[in-house]
Amino acid sequence: MAEISVVLPSVLQPLAGGQSLLTAPADGTVTVGWLLDAVTGDYPVLARRLRDETGALRRYVNIYVNGDEVRRLQGLDTEVAGGQEVLIIQSVAGG
């Protein structure tokens, strides 16, 4: 069974026990939404930082699959296969 890697930015790593990389087993193709549920199951604070109460991605969170931002694809329904890497980037507000 292949794994999918989720790369976290340094600002989110403390919410995942200090880890920069979270992995989930993938038997075939899964969705980004499923993947987020799988990797944040042990980290409820991280889950709340990524998604709002309705389950939608927060507007300052960008998720990339193969270099493509998921909002330009199918959002949380974007498919990810084992062996792929998913990158989470949190926008930082400038002033």
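The table below lists the values:
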| read-out | value |
| --- | --- |
| Close pairs (8 angstrom Cβ cut-off, 6 or more residues apart or separate chains): under 14 Å from D77 (Cα atoms) and free of Cβ contacts under 8 Å to residues at least 12 places away in the same chain in the stretch 31-57, of a type in the set (V, I, T) and surrounded by fewer than 17 Cβ atoms within 10 Å (Cβ to Cβ) anywhere | none |
| Conditions (1) loosely packed, with under 14 Cβ neighbours inside 10 Å; (2) within 12 Å of L8 (Cβ to Cβ); (3) not hydroxyl-bearing (S, T, Y): number failed by I89 | (1) |
| Any pair with Cβ under 6 angstrom, 6 or more apart, that starts in the stretch 13-24 at a residue that is farther than 16 Å from L87 by Cβ and ends at one that is open to solvent by less than 40 Å² (accessible area, probe 1.4 Å) | L15/L46 |
| Search result, residues across the stretch 21-35 that are aliphatic (A, V, I, L, M) and surrounded by 16 or more Cβ atoms within 10 Å (Cβ to Cβ) | L22, A24, A26, V30, V32, L35 |
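Conditions tested, residue by residue: (1) in contact with a Ser or Thr (Cβ under 9 Å, 6 or more places away or on another chain); (2) closer than 19 Å to L22 by Cβ; (3) surrounded by 13 or more Cβ atoms within 10 Å (Cβ to Cβ); (4) modelled with pLDDT under 95.
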residue: D37; (1), (2), (3), (4): no, yes, yes, no
residue: Y43; (1), (2), (3), (4): no, yes, yes, no
residue: D52; (1), (2), (3), (4): no, no, no, no
residue: L57; (1), (2), (3), (4): no, yes, yes, no
residue: Y60; (1), (2), (3), (4): yes, no, no, yes
residue: I63; (1), (2), (3), (4): yes, yes, yes, no
residue: N66; (1), (2), (3), (4): no, yes, no, yes
residue: V70; (1), (2), (3), (4): yes, yes, yes, no
residue: L73; (1), (2), (3), (4): no, no, yes, no
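The values are calculated or read from the model by the stated rules, or taken from the named source; none is laboratory data. As the structure is a computational prediction, the values presented were derived from the model and not from experiment. When we count neighbours, we look across all protein chains shown, and the Cβ atoms used for this are built from the backbone with ideal geometry, even at glycine. Side chains included, ligands, DNA and RNA excluded: accessible areas come from the protein's heavy atoms. Shrake-Rupley method; radii C 1.70, N 1.55, O 1.52, S 1.80 Å.
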